[in-house]
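S.K.: Please find one structure pasted underneath; my questions will follow.
The values are calculated or read from the model by the stated rules, or taken from the named source; none is laboratory data. Because the structure is a prediction, the values reported are computed rather than measured. Reconstructed Cβ throughout: ideal geometry from the backbone, glycine too, with neighbour counts over all protein chains shown. For the accessible areas, the whole protein counts, side chains as well, though only heavy atoms, and no ligand, DNA or RNA atoms are used. Shrake-Rupley method; radii C 1.70, N 1.55, O 1.52, S 1.80 Å.
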Amino acid sequence: MTLLQAPQGEPVLVIRVAAETKIRKHLENLGITSGAEFTKLSASDGNMIVRVHGSRIALNRDLAETIVVRKAPIFA
């Protein structure tokens with residue numbers, strides 16, 4: 001699923017970023033890399049706020065569609 005489809009408030013893991021090199025490098029600089037865990041905090045019309053490594057980052061719909069994620073495993 002893409003970040004756009006990810007449930008709000010649940011941690012997800014980045015599987016891959018399917019964007020051109022320039023955009024992928026920008027997202028890497030923000031901490032959005034393969035294996036990174038983050039949480040979608042809020043969303044409105046495809047634009048969203050996510051928490052990555054303790055920081056809040058705003059992403060638009062186009063960027064969210066390039067980030068492929070899966071639900072993070074929950075360890076007891």
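S.K.: From the residues in the range 1-49 that are farther than 13 Å from THR66 by Cα and hydroxyl-bearing (Ser, Thr, Tyr), which one is most open to solvent (accessible area, probe 1.4 Å)?
M.R.: Per the criteria, the residue is SER44.
S.K.: Which of the numbered conditions does GLU65 fail, given that it passes all the others? Conditions: (1) at positive phi; (2) acidic (Asp, Glu); (3) surrounded by 14 or more Cβ atoms within 10 Å (Cβ to Cβ).
M.R.: Failed condition: (1).
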